[in-house]
Amino acid sequence: MGIFSKLSTVIRSNINDLISRAENPEKMLNQIILDMRDQLAKAKREVAAAIADERKLRAQLDEEVKQAKDWEQRAMLAVKEGRDDLAKQALMRQQEHMGRATVLDQTWQAQANETEKLKGSLRQLNDKIEEAKRKRNLLIAKQKRAQAQRQIHETMSGLSDTSAFEAFNRMADKIEEEERRSIAHAEVHEALAGDTLETEFMRLEAGSPVGGDVESKLLALKQQMGIIAAPEGAEPKKLNSGAVQDAEVEEVSEAEARNIPEAELIEEFDRMEGQGTGE
């Protein structure tokens, strides 16, 4: 187990160094995974060497057991041939091989157990690395989400500064001012370069002026009062009280158009009414 203890120490030191630098979390996580895979490859080589040693011990054990059996067969052959001296020598060799086989069997059993533990540790290390690879993707996604949230908060914090909005409003005012000036220039140009005759006809098409309407109402009022005769075949026009009030309003409006103060106009009407009462 000393192999994996050493590998764990190396991995921890590399990870601590990467975390302390932590320039780019995604890059660092990828580098950590690469280091883990490198250490896994080294661990596989170490475990493979341990398995090879275990098999070598097994082969040596099998060879000693075989030699012990062979010398036992030779001792039996010597006994059959009446050669007890050779049988004794064969039995001595058989005991030597059995002694070495016993020692090798103990060593092989210990190595085999250690090899199985190494295999289990290797599988655990491989599983942890695979789990780390899956977690890496989650951590990278979390890190990117955290970056996006931080950028949003920074943007929202920047929005508290009203200078940008003030600049926008000033620019909008400037554009609207330029638009008003452009329209004013166009109107001045049209007034200077336009056809006055065409303008007059456009006014006529739009409707009779207010003064013309007042004149027609005044004529109708005179016809109704009998001051003048109505045209032949035409009914004298009648004005109701509302029409008279409208005529007075129009008279006032016309007076205002001649710049006669309203107070003077009312005074003039009162004087006229007073004269009519005196008669």
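The values are calculated or read from the model by the stated rules, or taken from the named source; none is laboratory data. Predicted model, so just to flag it, every value in this text is computed and none were measured. Don't worry about glycine lacking a Cβ; one is built from the backbone with ideal geometry, like all the others, and counts go over all protein chains shown.
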Kindly check whether there is at least one residue in region 159-169 that is modelled with pLDDT of 80 or more and over 30 Å from LEU34 (Cα atoms).
yes
Kindly indicate whether any position in region 5-22 is charged (D, E, K, R), surrounded by 14 or more Cβ atoms within 10 Å (Cβ to Cβ) and either closer than 30 Å to ALA110 by Cβ or modelled with pLDDT under 85 (or both).
yes
For VAL214, state whether it is at pLDDT below 85, more than 30 Å from GLN39 (Cα to Cα) and exposed (fewer than 11 other Cβ atoms within 10 Å of the Cβ).
no
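Table: residues versus (1) of a type outside the set (Asp, Glu); (2) at pLDDT below 85; (3) assigned by TED's automatic domain parsing to the domain that holds GLU63; (4) assigned to a helix (DSSP H, G or I).
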residue: ASP105; (1), (2), (3), (4): no, no, yes, yes
residue: GLN109; (1), (2), (3), (4): yes, no, yes, yes
residue: ALA112; (1), (2), (3), (4): yes, no, yes, yes
residue: LYS119; (1), (2), (3), (4): yes, no, yes, yes
residue: ARG123; (1), (2), (3), (4): yes, no, yes, yes
residue: GLU130; (1), (2), (3), (4): no, no, yes, yes
residue: ALA141; (1), (2), (3), (4): yes, yes, yes, yes
ILE129 - would you say it is closer than 30 Å to LYS142 by Cα and either in contact with a strand residue (DSSP E or B) (Cβ under 6 Å, 6 or more places away or on another chain) or β-branched (Val, Ile, Thr) (or both)?
yes
Single unsatisfied condition, ASN137 versus (1) touching a residue at least 40 places away in the same chain (Cβ under 8 Å); (2) under 23 Å from MET36 (Cα atoms); (3) of a type outside the set (Lys, Arg)
(1)
Report yes if some residue within region 77-84 is surrounded by 14 or more Cβ atoms within 10 Å (Cβ to Cβ), of a type outside the set (A, V, I, L, M, F, W, C), on the phi < 0 side of the Ramachandran plot and not in a helix (DSSP H, G or I); otherwise report no.
yes
